[in-house]
Amino acid sequence: MSVLAIDVGTTMIKSVVYDDQGRERAVSRLATEVLRPHPGWAEQDMDAVWNAVVHTVRTVLTETADPVWLVSFTAQGDGAWLVDERGRPTGPAILWSDGRAGDRITAWQRDGVLEAAFRRNGSLTCAGMPNALFSWLADHDPDRLARSRTSLTAAGWLFLRLTGVRASDESDASAPFLDHATGDYDPRILDLFGLGAYHRLLPTVLGESERIAEITGEAAGQLGLPAGLPVVMAPYDIASTARGVGVVNPGQACSILGTTLCTEIVRTEIDTGGEPSGINIAYRGRERVLRAFPTLNGAEVLGWAARTLGVSGPPELAELAFASEPGAHGLMFLPYLSPAGERAPFLDPRARGSFHGLSLEHTRADMARAVFDGLSLVLRDSLAAARTDVTELRLCGGGANSDAWCALIADATGVPTARSGDTELGAKGAFLTGLVRSGAESSMHTAAAKYVRMQRSWSPDPERAQFYAALYEDFLGRRAAVREDGWRGRAVWRGSGAAERGPGHPRPAPSPAPDRADAPQAPSAPADRTVPTHRTGTPDGGTRV
C-alpha cells in the first residue's frame, strides 16, 4: 500500500507516491503561472491550480500499481483565496508574494500597529497576508469582499475541493490572526487592524487531530482515486518542509533554499520579544512552535542574476560564482530584488537590492559570487534574529543540490549544514504528517526518525567562517546606510511626463511593465497554461541549484 502526497507550491505543483518505507516511487510535476497584471501584483487562477493537481495526481498514479490508502497534502501559505457561498472563486487568488498593499504595511508600521500585533502572537504582517489584502480590497474592490464568503489559503482551497470542508489548519492561521493560547482567532488583533467586520471571512481553524476527512466522490472521480479515502491537511509548505527534513524537536533548524529563503527553528513557546521580525507558526498544537523567517527574496534572485550575467540558469551561475573567491574581491550585494521589498528577518516594503564596491576590475564571476554571498548572509541574519542556539542547519529546496553553496552557507553562518536524501521535502513532510494523523505512526518524532534520511554534511572552515563573520558586520552596515537613504536613492525615469511613484503605487496603465528587475513583465499567456515535467524512480541526488 502507498501514500499519495501533494505539494501545491507557488510555481510548481508536485504529486509523489511513497512506498511503505517512505521512499519516493513516482513523482509528477507541473509548472503553474503567477499572473502579474500590474507591477507588484502576484495572482493565480484558482481553477488552474486545481487542474494542475488533477493532472499530476492522475499522471503519478499511472506509474505505480500499488493501491493508495491515504492522501496527504501541503501548499503555499498566506494570501487570500476568496470563494463565495458555493465555494467558487470570486476572482484570482492573491498570493503571499503580492505587494499591492505595501502602503498599508508602511502606515501600520509607522502607527505602531504592526508591533502591537507582533507582541500578541509573534508574527509580523507583510503585504501578502490576509489582513493587508482585506484592507486593500476594502478600498479598491469592496464588491469582491461583499461577494466572498470565505478567505482560504491554497491549502484551504485544496481541502475544499478534495473533501468539501471549508477550514484552515493552525499553521496557516498563525499569521496574522491566531491566538496561540486558544488555537482560535484573536479578536483584538482583528480590531488592531480595523478588520473586525471581516471576521466572517475567516474559516474554522482545525486542530492538529482534526485535519482529516474523506475525499468526496466527485474529487475521487476527477483524480482517479477510490471514493472515501482519508485526506489529511498537513501544515503549510514551509512547516511541512521542516518536518520533511526531520526538524521536529526543539532547537533543530532548517533553511529552505527555494522561492523563499526560509530559515526555521523549533521552539516550545512563541517568541514575541526583541525587534519584531518573522512569524511564529503553530507546529504541533500548543506544544511546539516553528520560529520562521520566510524572505521575499530567494531563487528568483538567482534567476535574475543568471539572466543578467548571460548564463543559462542557477546551476551555471553557481559554477561561475565559485570560480571567484569568498568576498568576491571586495564586491558586496544586497539581494533585495522583490517588488514587494522584504519581510524577514526585517520588514520594509521599500527594500531594494544593490551592488557595493563595483569597479572595472570586477568580473562576471565576482558579481555571481557576490550574489551567493549576499543570499548566504541573509540566512545568517535570520539565525541571528531567531535568538536561539543552533548546532546544525539542515538545507533543502532546489538550492541545496549545490554542494558548493551548502559549504558556503556553513562558512557564512558558522553552523554545520546537512542535506536530505529526499528531493520533495514538502511532500515528505505531508507524508509524515499523514502517517501520524491516520494513526500509522505514534508521533512526528518517531516518524521522522524512521523515514528521514540525511545524505551529506559540511562543517565550517574556521578561517573562512571568521572572514564571513566580519563580512556580515559590513553587510549590516551597508544595508543600514542604504535603508536610511530610502533604498531607491535618485529618482527613476518613467517616461515622458511621468512622476516617480513609490512602492505600493502601481501605474494605472494596463500595458505590460517595463523590462526592469523591480517590475516583472505582465503574463502573455492564459492563467491555465502549464509546462509539465515528470520523473519516476529513486532520486539521484543531482547537482542542480
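The values are calculated or read from the model by the stated rules, or taken from the named source; none is laboratory data. Predicted model, so just to flag it, every value in this text is computed and none were measured. Here Cβ is always computed from backbone atoms with ideal geometry, including for glycine, and neighbour counts include all displayed protein chains.
Observations on the model:
- Tally of residues being closer than 14 Å to Leu334 by Cα, touching a Ser or Thr at 6+ places or on another chain (Cβ under 9 Å) and not charged (D, E, K, R) across segment 354-371: 3
- The set of residues from segment 421-443 being polar (S, T, N, Q), surrounded by fewer than 22 Cβ atoms within 10 Å (Cβ to Cβ) and farther than 19 Å from Val68 by Cα comprises Ser442, Ser443.
- Of the listed requirements (1) of a type in the set (S, T, N, Q); (2) within 23 Å of the chain's Cα centre (by Cα); (3) not in a helix (DSSP H, G or I), Ser442 misses just one: (2).
- For segment 447-467, the tally of residues that are more than 26 Å from the chain's Cα centre (by Cα) and either of a type in the set (Val, Ile, Thr) or under 29 Å from Arg380 (Cβ atoms) (or both) stands at 9.
- Filtered by the rule that a residue be touching a Lys or Arg at 6+ places or on another chain (Cβ under 9 Å), surrounded by 24 or more Cβ atoms within 10 Å (Cβ to Cβ) and assigned to a loop (DSSP other than H, G, I, E, B), segment 251-300 gives Gly278, Thr295, Leu296.
- For segment 144-159, the criterion of a residue being under 26 Å from Val49 (Cα atoms), small (Gly, Ala, Ser) and more than 23 Å from the chain's Cα centre (by Cα) is satisfied by at least one position.
- If you go through segment 447-459 and keep only what is surrounded by fewer than 15 Cβ atoms within 10 Å (Cβ to Cβ) and farther than 21 Å from Thr391 by Cα, you end up with just Lys450.
- The listed residue being surrounded by fewer than 16 Cβ atoms within 10 Å (Cβ to Cβ), out of contact with any Pro (no Cβ under 8 Å at 6 or more places or on another chain) and part of a helix (DSSP H, G or I), out of Ala132, Ala155, Ala175, Ala116: Ala116
- Any chance Ala117 is in contact (Cβ under 8 Å) with a residue 40 or more places away in the chain and of a type in the set (Gly, Ala, Ser): yes
- Of the residues making up segment 405-418, not a single one is at negative phi, assigned to a helix (DSSP H, G or I) and modelled with pLDDT under 95.
- Restricting Ala344, Ala340 to residues that are in a loop (DSSP other than H, G, I, E, B), in contact (Cβ under 8 Å) with a residue 60 or more places away in the chain, over 17 Å from Thr308 (Cβ atoms) and out of contact with any strand residue (DSSP E or B) (no Cβ under 6 Å at 6 or more places or on another chain) narrows the list to Ala340.
- Selection status of Pro339, over 25 Å from Val16 (Cα atoms) and surrounded by fewer than 20 Cβ atoms within 10 Å (Cβ to Cβ): no
Quick grid of which residues meet (1) more than 21 Å from Thr433 (Cβ to Cβ); (2) in contact with a Lys or Arg (Cβ under 6 Å, 6 or more places away or on another chain); (3) not in a strand (DSSP E or B):
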residue	(1), (2), (3)
Val3	no, no, no
Asp7	no, yes, no
Val16	no, no, no
Asn51	yes, no, yes
Val60	no, no, yes
Val71	no, no, no
Leu82	yes, no, no
Asp98	yes, no, yes
Thr106	yes, no, yes
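- Unmet criterion (only one of (1) buried (at least 20 other Cβ atoms within 10 Å of the Cβ); (2) closer than 30 Å to Arg29 by Cα; (3) of a type in the set (A, V, I, L, M)) for Val415: (2)
- Failed criterion for Gly303 (all others in (1) closer than 27 Å to Arg464 by Cβ; (2) touching a residue at least 12 places away in the same chain (Cβ under 8 Å); (3) among the small types (Gly, Ala, Ser) hold): (2)
- Qualifying residue in segment 111-124 (condition: modelled with pLDDT under 95, of a type in the set (Ser, Thr, Tyr), in contact with a strand residue (DSSP E or B) (Cβ under 6 Å, 6 or more places away or on another chain) and not assigned by TED's automatic domain parsing to the domain that holds Pro276): yes
- Criterion: surrounded by fewer than 24 Cβ atoms within 10 Å (Cβ to Cβ), modelled with pLDDT of 95 or more and under 24 Å from the mean Cα position of the chain (by Cα) - qualifying residue of Ser359, Ser354, Ser324: Ser354
- Checked against the criteria, Ala499 does not count as at pLDDT 55 or above and aliphatic (A, V, I, L, M).
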